[in-house]
């Protein structure tokens with residue numbers, strides 16, 4: 001079984017729906033295996049809330065939280081409940097759903113999420129200062145990245161989209177290569193030929209990100225419409241994402257069928273540096289998700305409640321992580337750009353005649369007009 005995660009997003013006023021598809025053989029229509037985890041959620045399993053604050057606040061979603069991991073059958077037409085493990089204060093709502101992860105692993109979750117957040121802030125400001133051409137932050141979606149990445153085997157293929165750098169970060173992708181890709185310098189494995197944030201790493205089994213959304217249409221479709229067992233989870237709860245992905249992967253491998261995970265979260269940042277989201281959503285809405293229901297603060301509450309983290313550790317780590325990012329950032333700026341000759345390589349085993357012709361044309365052009373180009377910034 002080729003296990004993979006593929007992610008897509010649908011946006012409405014900032015709402016982000018992560019759909020993570022674990023690929024096996026598609027089930028036959030009308031014949032959905034039900035062995036293993038029971039599918040479907042009955043009303044008595046849903047939580048009753050005494051205040052509006054504890055109900056899901058995702059715009060456009062009429063649903064309730066549940067604290068029991070269950071995939072739904074394709075014929076379910078009522079509101080799909082949202083599975084979660086801990087509430088907004090980091091309290092486990094159902095002890096039987098606690099993944100009981102060791103302290104070291106939880107700390108790795110937190111450090112990956114916060115390091116990603118720090119890198120986002122520095123690279124976003126870098127673009128605003130004209131130092132790179134483009135950037136997309138991951139604010140608010142860190143829990144979906146880390147929770148799903150941690151639940152997979154390191155050798156599982158990941159087909160990510162352009163806002164899932166946390167998966168690579170959790171797998172150990174170094175900061176200097178993140179920076180090299182965004183700066184398109186000579187250390188960039190893609191040799192500067194991709195837009196910033198379009199990472200890829202063969203060694204970490206992360207397929208290079210593609211910009212065209214049409215490549216993600218199969219993941220964006222609702223699971224029941226394709227006869228796929230599905231579950232909706234709270235994407236701001238890293239443990240809920242972890243549990244759902246781990247179980248979906250187990251069943252995909254055992255049953256040779258796909259599963260769909262829809263992680264409900266909120267894109268706090270602008271769509272990209274080319275977007276001003278204040279044109280279509282209010283500041284109060286963004287502030288709510290940033291201050292009241294953020295995946296990083298929720299996990300921090302959990303760790304503090306167990307005595308695994310405190311304010312001094314927070315300050316020390318924030319300072320250390322920023323220093324690491326800034327060192328990689330400064331190194332990336334100093335490096336030269338890849339040689340222009342790489343425009344023509346790495347596609348064909350033997351360069352075809354039309355590319356040879358283009359390469360020769362470029363060489364003649366630069367020989368005659370080279371003084372008009374910043375060739376000193378490029379490797380020879």
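Give the residue, chosen from 274, 321, that is in contact with a helix residue (DSSP H, G or I) (Cβ under 6 Å, 6 or more places away or on another chain) and surrounded by fewer than 21 Cβ atoms within 10 Å (Cβ to Cβ).
321
With the checklist (1) under 20 Å from residue 332 (Cβ atoms); (2) at pLDDT 95 or above in hand, flag the one item residue 162 doesn't pass.
The failed condition is (2).
In the list 186, 149, which residue meets the criterion of being surrounded by fewer than 24 Cβ atoms within 10 Å (Cβ to Cβ), in contact with a strand residue (DSSP E or B) (Cβ under 8 Å, 6 or more places away or on another chain) and at pLDDT 95 or above?
Answer to the check: 186.
For segment 173-210, name all the residues that are closer than 17 Å to residue 272 by Cβ and part of a loop (DSSP other than H, G, I, E, B).
Within segment 173-210, 184, 194, 195, 196, 197, 198, 199, 209, 210 meet the criteria.
Using beta carbons and a limit of 6 Å, which pairs, at least six apart or on different chains, have the first residue in segment 248-266 and in the same structural domain as residue 148 (by TED's automatic domain parsing) and the second one in a helix (DSSP H, G or I)?
Hits for this filter: 259/248; 259/252; 261/244; 261/248; 263/144; 263/241; 265/144; 266/289.
Give me the residue from segment 222-257 that is in a loop (DSSP other than H, G, I, E, B) and either within 24 Å of residue 297 (Cα to Cα) or touching a strand residue (DSSP E or B) at 6+ places or on another chain (Cβ under 6 Å) (or both) and, out of that set, modelled with the lowest pLDDT.
Ranking the candidates gives 223 first.
Hey, residue 265 hits all of (1) buried (at least 23 other Cβ atoms within 10 Å of the Cβ); (2) touching a strand residue (DSSP E or B) at 6+ places or on another chain (Cβ under 8 Å); (3) in a helix (DSSP H, G or I) but one; which does it fall short on?
(3) is the only condition that residue 265 fails.
Mind checking which residues of segment 100-117 are outside any helix (DSSP H, G or I) and surrounded by 18 or more Cβ atoms within 10 Å (Cβ to Cβ)? Walk me through it before giving the result.
Of all residues in segment 100-117, those outside any helix (DSSP H, G or I) come to 100-102.
Across segment 100-117, there are no qualifying residues.
Can you find a residue in segment 230-239 that is assigned by TED's automatic domain parsing to the domain that holds residue 82 and either surrounded by fewer than 21 Cβ atoms within 10 Å (Cβ to Cβ) or without any contact (Cβ under 8 Å) to a residue 40 or more places away in the chain (or both)?
no
What do you reckon, is residue 155 modelled with pLDDT of 95 or more, assigned by TED's automatic domain parsing to the domain that holds residue 204 and either in contact with a strand residue (DSSP E or B) (Cβ under 6 Å, 6 or more places away or on another chain) or closer than 19 Å to residue 269 by Cα (or both)?
On the way: modelled with pLDDT of 95 or more: yes; assigned by TED's automatic domain parsing to the domain that holds residue 204: yes; either in contact with a strand residue (DSSP E or B) (Cβ under 6 Å, 6 or more places away or on another chain) or closer than 19 Å to residue 269 by Cα (or both): no.
Spelling it out, it is not the case that residue 155 is modelled with pLDDT of 95 or more, assigned by TED's automatic domain parsing to the domain that holds residue 204 and either in contact with a strand residue (DSSP E or B) (Cβ under 6 Å, 6 or more places away or on another chain) or closer than 19 Å to residue 269 by Cα (or both).
Would you mind stating whether residue 299 is surrounded by 14 or more Cβ atoms within 10 Å (Cβ to Cβ) and closer than 21 Å to residue 115 by Cβ?
Spelling it out, residue 299 is indeed surrounded by 14 or more Cβ atoms within 10 Å (Cβ to Cβ) and closer than 21 Å to residue 115 by Cβ.
Of the numbered conditions (1) assigned by TED's automatic domain parsing to the domain that holds residue 297; (2) touching a strand residue (DSSP E or B) at 6+ places or on another chain (Cβ under 9 Å), residue 339 fails exactly one; give the number of that condition.
(1)
Return yes or no: is residue 307 free of Cβ contacts under 8 Å to residues at least 24 places away in the same chain and in the same structural domain as residue 155 (by TED's automatic domain parsing)?
So residue 307 passes the test.
The values are calculated or read from the model by the stated rules, or taken from the named source; none is laboratory data. Source: prediction; values computed, not measured. A quick note on method: Cβ atoms are made from the backbone with ideal geometry, for glycine too, and the neighbour counts reach across all protein chains shown.
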